[in-house]
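What follows is one structure encoded as C-alpha cells, with my remarks underneath.
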Amino acid sequence: MVKLSPEALEARREYRRQYEREYRRRWRQKPENKEKQKEYERRYWERKAKELTQ
C-alpha cells in the first residue's frame, strides 16, 4: 500500500466530507424521505426533552 502524504490524506477526507454532505442533501430532497426525516427528528427531540427534564 502506498503511503500518502498528510496533504493527500486531508484532501481525501475533504472529498469524502463533501460527497457525504451532497448525498445526504439529495436523500433529504426526495419526498418519500422527507417524512422519514421528519419522524426521525421528532423522535430525537422527544428523547432529548426527556433527558433534559430528568
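Derivation of every value follows stated rules applied to the coordinates shown; laboratory data play no part. As the structure is a prediction and not an experimental result, all values here were calculated from the model. Reconstructed Cβ throughout: ideal geometry from the backbone, glycine too, with neighbour counts over all protein chains shown.
Listed conditions (1) assigned to a helix (DSSP H, G or I); (2) exposed (fewer than 10 other Cβ atoms within 10 Å of the Cβ); (3) not hydroxyl-bearing (S, T, Y) are all met by K34, apart from (2). Can you tell me which residue among R17, R25, R42 is surrounded by fewer than 10 Cβ atoms within 10 Å (Cβ to Cβ), out of contact with any Asp or Glu (no Cβ under 8 Å at 6 or more places or on another chain) and not polar (S, T, N, Q)? Within the list R17, R25, R42, the selection yields R25.
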